[in-house]
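Data first, discussion second: the structure below is written as structure tokens.
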Amino acid sequence: MFYIGCHLSPSAGLLAMGQTALSIGATTMQFFTRNPRGSKAKPIDPDDAAALMDLCRANGFGPLVAHAPYTINPCSKDEHTREFAQMTLADDLRRMEYLPGNLYNFHPGSHTGQGLEAGISLIADTLNAILTPEIRTTVLLETMAGKGTEVGGRFEELREILDRVALSDKMGVCLDTCHVSDAGYDIVHDLDGVLTEFDKVIGLHRLKAVHVNDSLNPCGARKDRHARIGEGFLGTETFRRVVNHPALQGLPMVLETPNELEGYAREIALLKELHG
Ligand code: FE
Ligand code: FE
Ligand code: ZN
């Protein structure tokens with residue numbers, strides 16, 4: 001099964017979001033758990049959540065990807081910022097129990113000058129504080145572009161975090177094509193080699209989702225500016241290889257390209273065509 005979708009807004013409700021996904025040919029979707037810049041979270045309506053789950057089951061959707069607000073930073077040098085991140089992540093995991101069996105992706109964070117080692121250990125501490133054996137969600141670390149003091153630009157950094165999490169069976173990784181290229185992994189010329197490296201360092205069994213984004217910048221630029229599919233340095237042929245790569249089959253693939261709904265519908269159709 002080819003699970004393809006895009007980032008959508010849950011502001012009109014979860015079921016409405018699922019119906020929008022259906023209307024553009026999607027078979028998965030991603031959404032922010034709350035305002036991406038702020039902290040406000042609308043309480044989840046259990047009936048609405050159940051209705052979305054029913055719609056996904058009835059239409060053979062793949063796992064959904066919830067995305068944490070990108071402003072939280074579990075490894076900031078500021079203690080209040082870290083506490084806020086931990087509180088937000090914990091609250092989101094409680095909310096995700098209304099959508100059991102899905103994925104929750106977050107940016108590991110920026111060490112803000114403390115160094116990689118300190119950053120990695122603070123991120124692992126946060127995860128160890130919030131993960132419980134009962135949760136039915138898999139928490140994903142996203143591969144990052146390595147912008148500024150971001151942690152997670154190198155596969156080794158993600159592996160190091162995973163190694164320090166006690167309940168590591170609750171953890172996985174989301175690979176973002178724009179981010180890995182920006183971080184210096186050449187998926188245009190050697191997708192195979194990059195995925196082999198991912199397997200060697202992290203293990204492909206940890207890979208649970210893919211963000212399909214072209215990049216406005218060349219490999220290694222560390223900029224993190226997404227482009228529409230075929231309009232950046234990765235190019236359409238790279239995405240043909242991505243959607244057909246044996247190691248990525250069956251994973252939910254989510255577009256986070258600069259698009260309105262119609263643009264997403266076109267990109268979903270394009271990727272389905274590339275998938276063949
Ligand atoms: Fe992200
Ligand atoms: Fe992403
Ligand atoms: Zn990005």
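The values are calculated or read from the model by the stated rules, or taken from the named source; none is laboratory data. Computed from a prediction, not measured in an experiment: that's the story for all the values here. Quick reminder, even Gly has a Cβ in these numbers, built from the backbone with ideal geometry, and neighbours come from all protein chains shown. In case anyone asks, the SASA skips ligands and DNA or RNA and just uses the protein heavy atoms, side chains included. Shrake-Rupley method; radii C 1.70, N 1.55, O 1.52, S 1.80 Å.
General observations
- Amide H to amide H, with H built 1.01 Å from N, residue 225 comes under 5 Å of 216, 217, counting only residues 5 or more places away or on other chains.
- The chain shape via C-alpha gyration tensor axes, a/c threshold 1.5: oblate
- To put it simply, the accessible area of the chain at a 1.4 Å probe is 52 percent carbon and sulfur.
- A 1.4 Å probe run over the chain, with the rest of the protein chains in place, finds 42 Å² accessible per residue.
- Debye intensity ratio I(q)/I(0), log10, region 205-276, q values 0.14, 0.19, 0.28 Å⁻¹ (C-alpha model): -0.42, -0.78, -1.38
- In a reduced charge model with +1 at each Lys and Arg Cβ and -1 at each Asp and Glu Cβ, region 3-275 shows a dipole moment near 220 debye about its Cα centre.
- Considering only 250, 62, 172, the Gaussian network model of the chain with Cα springs below 10 Å gives its largest mean-square fluctuation to 250.
- Among beta bridges identified by DSSP and lying wholly in the chain, the antiparallel ones come to about 10 percent.
- Mean ellipticity per residue at 222 nm, deg cm²/dmol - from DSSP H runs of n ≥ 4 across the chain, formula -39500 (n - 2.57): -12500 deg cm²/dmol
- Counting only heavy atoms of the protein chains and using a 1.4 Å probe, residue 228 has close to 90 Å² of accessible surface.
- In the elastic network of the chain, a GNM with C-alpha springs shorter than 10 Å, the most mobile of 83, 157, 134 is 134.
- Relative contact order, percent, the chain [alpha-carbon distance under 8 Å, six or more residues apart]: 18
- Euclidean distance of C-alpha centroids, region 246-276 and region 118-167, integer Å: 27
- Counting lysine pairs in the chain that sit 8 or more residues apart in sequence, or on different chains, and whose Cα atoms lie under 18 Å apart gives 4.
- Annotation: amide H of residue 105 within the under-5 Å range of 66, 67, 68, 140, sequence separation 5 or more or interchain, hydrogens built in the peptide plane.
- Extreme residue, positive dipole direction of region 3-275, given options 168, 148, 227 (C-beta unit charges): 227
- Semi-axes of the equivalent ellipsoid for region 36-106, Cα gyration tensor, largest first, Å: 28, 12, 9
- Dipole of region 3-275, positive end: most advanced residue of 119, 9, 179 [Cβ charges, Cα centre]: 9
- For region 177-270, the relative contact order comes to 31 percent (Cα pairs under 8 Å, sequence separation of at least 6).
- Residue-span extension gain [residue 94 to residue 114] - 0.36 nm each, minus C-alpha spacing: 4.2 nm
- Gaussian network model of the chain, springs between alpha carbon atoms under 10 Å - residue of 108, 252, 43 with greatest fluctuation: 43
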